[in-house]
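The values are calculated or read from the model by the stated rules, or taken from the named source; none is laboratory data. A quick note: this is a predicted structure, and the numbers were derived from the prediction, not measured. With ideal geometry, Cβ positions are generated from the backbone for all residues, glycine too; neighbour counts draw on all protein chains shown.
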There are 2 protein chains.
Amino acid sequence: MELQDKESLPQRLVALSEAGEGSACAALLEQLDASETVHTVTRLSDEHRTRLLELLDPESAANLLSLLPEHQVVGAIGDLGPTTAAKIIEELPSDERADLVGLLDHREALSILAELAEPEASDIRRLVAYPPDSAGGLMITEYVQYPAEATVGDVIDDLGRNAEKYSHFNIQYAYVTDEAGLLVGVLRMRNLLLTARHRRIGEIMSRDPLAVRDATALDDLVGFFDEHRFFGAPVVDALGRLVGVVERSAVDAAVATHREKDFLRSQGIVGGDELRSMPLLLRSRRRLSWLSVNILLNILAAGVIALHQDTLEAVIALAVFLPIISDMSGCSGNQAVAVSMRELTLGVIRPVEVRRALLGEVFLGLLNGLVLGLLIGLVAFTWRQNVYLSLVVGGALTLNTVVAVLIGGSVPLVLKRLNFDPALASGPILTTITDMCGFFLVLTFAAAMLSRLA
Amino acid sequence: MELQDKESLPQRLVALSEAGEGSACAALLEQLDASETVHTVTRLSDEHRTRLLELLDPESAANLLSLLPEHQVVGAIGDLGPTTAAKIIEELPSDERADLVGLLDHREALSILAELAEPEASDIRRLVAYPPDSAGGLMITEYVQYPAEATVGDVIDDLGRNAEKYSHFNIQYAYVTDEAGLLVGVLRMRNLLLTARHRRIGEIMSRDPLAVRDATALDDLVGFFDEHRFFGAPVVDALGRLVGVVERSAVDAAVATHREKDFLRSQGIVGGDELRSMPLLLRSRRRLSWLSVNILLNILAAGVIALHQDTLEAVIALAVFLPIISDMSGCSGNQAVAVSMRELTLGVIRPVEVRRALLGEVFLGLLNGLVLGLLIGLVAFTWRQNVYLSLVVGGALTLNTVVAVLIGGSVPLVLKRLNFDPALASGPILTTITDMCGFFLVLTFAAAMLSRLA
């Protein structure tokens, strides 16, 4: 489409939906690729987006929902009313269904569940009980299972009869369960092709298949799929009963989402992610929740300067260097935070190994601190031709760089060990301590050499 | 295993490998899960790790390599010598093979390729030519293709004959190509089960299948898989010839890696990721490459303070507030950076829409700036009982918060549009401008009210 057309896409969509032209809306959306669809539909008003979803057939509406950001999906589902919402939710894959219902408020969720047919409703009830990033939360229930006594012919007939229903299933394997629902084997679908129809699948299945527990956490799932080249794994409950299948791609997608949220939290976007289409006051409140903690920590750190005002008064040039030392120590410390976060993710370091992290940082901090200290010392000398000023600011930056990398390297491990979120809290803790320490070093060094500086 | 045992795992592995006990090493590793394996093997010395890989059978060695961090893999492959390295590389999936060879230096890569059998060697030569994050770089060549004239029986016989070779393939679909290699159809394997053996697959395949071009970029692949519920898609070259299959999980895994690298770069880890087991000087050099740019920018910003020394000398209390205003503006700006990065990723904003980002930030900045300005003004008044001091620091923080969110909101879009890396450069650009502006605001406001402040 021409740029001219794209500019007016939201308006055209609004006009069509106000005219009640559901199929024209669907046709228009059909022509757009995923990125154009997101770009267009996210900027409709909430009312127009809801109207559009009402007009589309449930399958198109479900496809659209899969593309939209979480908070817009939740908002739209709430506005649609339970009957329409239930019809759309039925068209989603089972893991997305449960994720979505889990995000709704209780009243909404219950009224939608009441509209859903069985077994979908009980499936969702069961799935929402799992933490979203556990095997139970990531698994799908679209899989096929047969008893060991079934013949190859039975399986082939079932697949043929239910071809429509199974069309969105990833059927690499069929799972074999006993009468109690316990997982007893896995059948490669390909083996069906190579076996006579009268043979029982219990004879050709792989016995004692590898499975993961429903409570398995994301990190362990990553490890499992690193170790085994499977495309999916059966999920069993505490009793060994087959309850779902977790796919490699679901695990990889969850990891990508996690990384993104870590990044957002490390930059001070907390309490859920933000889009500029959200209400101003909500966005302001969420951002302020982070900023207000930070300003208090900053005031605390700056208190160190206030305690040394007389020194600063005597050598006003120091005031120029205080923000530099604060910022540079923050930079050095953040690098160490990032390396510790990375090593934690990879599993090469464990939260208890603080000593190892400190050892890995101390010499690096000394080396980089000396380089940076020399640099800032040279700048100070060029400006003021006072070697003592250079010694004060250069020495303080060198020492404070060591402090910063030691704190940056260890804080994520300590926070992780105490079950706090390292992405969220490492930054503020780091900068507060390094600021206090940096200001203290500069001003006490200066106080000691005051006669040479003034 | 007991904790006592785990503590000495690296030593035990070293002892076994020095004694040349390859199968005992394999047995020991077999007992460990992925995270224990990584934790143990990453901390061996380079020599011991290479020795271990030599002793293991090629398949176990390949499984181990898949778990290790990139730079250790590259180092080990270089040390192993081309013959052993080639044997191990043959056991990797095709996309990992090409990724690995692409990371080696030219001489190493060529000598390993010379040791590899055909068609593996030419496959790798072809795959390394693609950018790693394109469909060509992410695709695998483990798929099955047949001519349209083949019968269902032909396909089933081929699958049976090559069951061993295909055992690691994700065979949901078989691809149908013409004599020129053009993709003409896709065959659901399940349909084979339901069709008589004498029928030609050309009659039961889906025609005009959706495919992606080999040059398709990661962002567009994400869009493709968002839009279509496929587990994999055929990849074609410029002429429409089938060259590989890209799987949803490969795309999701690449996105996760991207997010992680973005996070690392935003925290100042540039030029490749870092582990503390890397050589000290390499780590120091990489970190300094980032720090040295930052210190120059910091000195530039602090120059604004140096120009206003007389004001500062008259009202020394201002020196306490300068680092607070610098840091808080950085915090507010970073939040806006994170939201813009997020909106870019989601596709709800495009790099040209700078005005939209500015509009989305300006009122928020004003609101948050007023709250923070009021807070810092109160603190200033409590400390000094001078309402003019409160006005100076509170007013400066309010205005500078607006500046910071406007810059933070727009810089990622501008950098993206100019093809610079927003994750890398947004932070330093933001803090330099907001520092300069913040210092300027405080000190010129103060100069204007000097008689009331002193």
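Does B:Val339 fit the bill of being within 7 Å of chain A (Cβ to nearest Cβ) and of a type in the set (Val, Ile, Thr)? For B:Val339, the condition - within 7 Å of chain A (Cβ to nearest Cβ) and of a type in the set (Val, Ile, Thr) - is met. Within the stretch B:149-164, one or more residues are among the aliphatic types (A, V, I, L, M), assigned to a loop (DSSP other than H, G, I, E, B) and in contact (Cβ under 8 Å) with a residue 12 or more places away in the chain. Checking each residue in the stretch B:307-316 for being surrounded by 20 or more Cβ atoms within 10 Å (Cβ to Cβ) and either at the interface with chain A (Cβ under 7 Å from one of its Cβ atoms) or assigned to a helix (DSSP H, G or I) (or both) picks out B:Thr311, B:Leu312. Taking the stretch A:338-383 as the range and being among the polar types (S, T, N, Q) and either surrounded by 19 or more Cβ atoms within 10 Å (Cβ to Cβ) or farther than 30 Å from A:Leu264 by Cα (or both) as the test, the residues that pass are A:Ser340, A:Asn368, A:Thr382. Whether any residue in the stretch A:131-138 is in the same structural domain as A:Ala256 (by TED's automatic domain parsing), among the aliphatic types (A, V, I, L, M) and in contact (Cβ under 8 Å) with a residue 12 or more places away in the chain is what I want to check. Within the stretch A:131-138 (the criterion being in the same structural domain as A:Ala256 (by TED's automatic domain parsing), among the aliphatic types (A, V, I, L, M) and in contact (Cβ under 8 Å) with a residue 12 or more places away in the chain), the answer is no, since none of the residues qualifies. Within the stretch A:222-240, the set of residues being at pLDDT below 90 and either charged (D, E, K, R) or on the phi > 0 side of the Ramachandran plot (or both) comprises A:Asp226, A:Glu227, A:Arg229.
For the stretch A:264-289, the set of residues classified as among the hydrophobic types (A, V, I, L, M, F, W, C) and more than 7 Å from chain B (Cβ to nearest Cβ) consists of A:Val270, A:Met278, A:Leu281, A:Leu282, listed by residue number.
For the residues B:Val293, B:Val304, B:Val348, B:Val352, the requirement of being assigned to a loop (DSSP other than H, G, I, E, B) and more than 7 Å from chain A (Cβ to nearest Cβ) singles out B:Val352. Scanning the stretch A:342-389 for residues that are modelled with pLDDT under 95 and touching a Phe, Trp or Tyr at 6+ places or on another chain (Cβ under 9 Å) yields one hit, A:Arg342. If you go through the stretch B:104-123 and keep only what is touching an Asp or Glu at 6+ places or on another chain (Cβ under 8 Å) and modelled with pLDDT of 90 or more, you end up with just B:Leu116.
For B:Phe381, the criteria (1) of a type outside the set (S, T, N, Q); (2) at the interface with chain A (Cβ under 10 Å from one of its Cβ atoms); (3) over 37 Å from the mean Cα position of the chain (by Cα) hold in every case but one, which is (2).
Within the stretch A:318-329, the residues that satisfy the criterion of being within 21 Å of A:Asn294 (Cα to Cα), facing chain B (nearest Cβ under 7 Å) and not acidic (Asp, Glu) are A:Leu322, A:Pro323, A:Ile324, A:Ser326, A:Met328.
Conditions (1) touching a strand residue (DSSP E or B) at 6+ places or on another chain (Cβ under 7 Å); (2) crowded, with 17+ Cβ neighbours inside 10 Å; (3) within 29 Å of B:Glu179 (Cβ to Cβ), marked per residue:
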site	(1), (2), (3)
B:Ala215	yes, no, yes
B:His228	no, no, yes
B:Gly271	no, no, no
B:Leu282	no, no, no
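Within the stretch A:165-182, if we keep just the residues that are surrounded by fewer than 16 Cβ atoms within 10 Å (Cβ to Cβ) and assigned to a helix (DSSP H, G or I), the residue that is nearest to the other protein chains (Cβ to nearest Cβ) turns out to be A:His168. Residue selection: A:Val212 fails the criterion of being out of contact with any helix residue (DSSP H, G or I) (no Cβ under 8 Å at 6 or more places or on another chain) and modelled with pLDDT of 95 or more.
Condition check for A:Ser332 on (1) at the interface with chain B (Cβ under 8 Å from one of its Cβ atoms); (2) more than 33 Å from the chain's Cα centre (by Cα); (3) among the hydroxyl-bearing types (Ser, Thr, Tyr): one failure, at (2). Annotation for the stretch B:85-97: at least one member residue is among the polar types (S, T, N, Q) and either more than 14 Å from chain A (Cβ to nearest Cβ) or over 23 Å from B:Ser277 (Cβ atoms) (or both). The set of residues from the stretch A:351-363 being farther than 13 Å from A:Val403 by Cβ and in contact (Cβ under 8 Å) with a residue 12 or more places away in the chain comprises A:Pro351, A:Val352, A:Glu353, A:Val354, A:Ala357, A:Gly360.
Restricting attention to the stretch A:13-39, the residues that are surrounded by fewer than 19 Cβ atoms within 10 Å (Cβ to Cβ) and within 14 Å of chain B (Cβ to nearest Cβ) total 5. Filtered by the rule that a residue be surrounded by fewer than 21 Cβ atoms within 10 Å (Cβ to Cβ) and part of a helix (DSSP H, G or I), the stretch B:411-422 gives B:Val414, B:Leu415, B:Lys416, B:Arg417. The requirement of being in the same structural domain as A:Pro10 (by TED's automatic domain parsing), over 27 Å from the mean Cα position of the chain (by Cα) and surrounded by 21 or more Cβ atoms within 10 Å (Cβ to Cβ) is fulfilled somewhere in the stretch A:113-121, by at least one residue. Being at pLDDT 90 or above and surrounded by fewer than 18 Cβ atoms within 10 Å (Cβ to Cβ): is that true of A:Leu127 here? Judged against the criteria, A:Leu127 is not a match. Screening the stretch A:79-128 for helices (runs of 4 or more DSSP H) wholly inside it with 1 or more residues that are among the polar types (S, T, N, Q) and closer than 24 Å to A:Ala250 by Cβ returns the ranges A:94-103, A:120-128. If I go through the stretch A:217-226 residue by residue, how many of them are over 24 Å from B:Leu92 (Cβ atoms) and either of a type in the set (Asp, Glu) or surrounded by 17 or more Cβ atoms within 10 Å (Cβ to Cβ) (or both)? Here the count works out to 1. Scanning the stretch B:355-370 for residues that are within 8 Å of another protein chain (Cβ to nearest Cβ) and under 18 Å from B:Leu441 (Cα atoms) returns a single hit, B:Asn368.
Results for (1) closer than 24 Å to A:Ala357 by Cα; (2) of a type in the set (D, E, K, R), shown as yes or no for each residue.
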position: B:Leu29; (1), (2): no, no
position: B:Ser35; (1), (2): yes, no
position: B:Thr42; (1), (2): yes, no
position: B:Glu59; (1), (2): no, yes
position: B:Asn63; (1), (2): no, no
position: B:Gly75; (1), (2): yes, no
position: B:Pro82; (1), (2): no, no
position: B:Ala86; (1), (2): no, no
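Can you confirm whether the stretch A:384-391 contains a residue that is buried (at least 24 other Cβ atoms within 10 Å of the Cβ) and either of a type outside the set (A, V, I, L, M, F, W, C) or more than 8 Å from chain B (Cβ to nearest Cβ) (or both)? No; the residues of the stretch A:384-391 include none that is buried (at least 24 other Cβ atoms within 10 Å of the Cβ) and either of a type outside the set (A, V, I, L, M, F, W, C) or more than 8 Å from chain B (Cβ to nearest Cβ) (or both).
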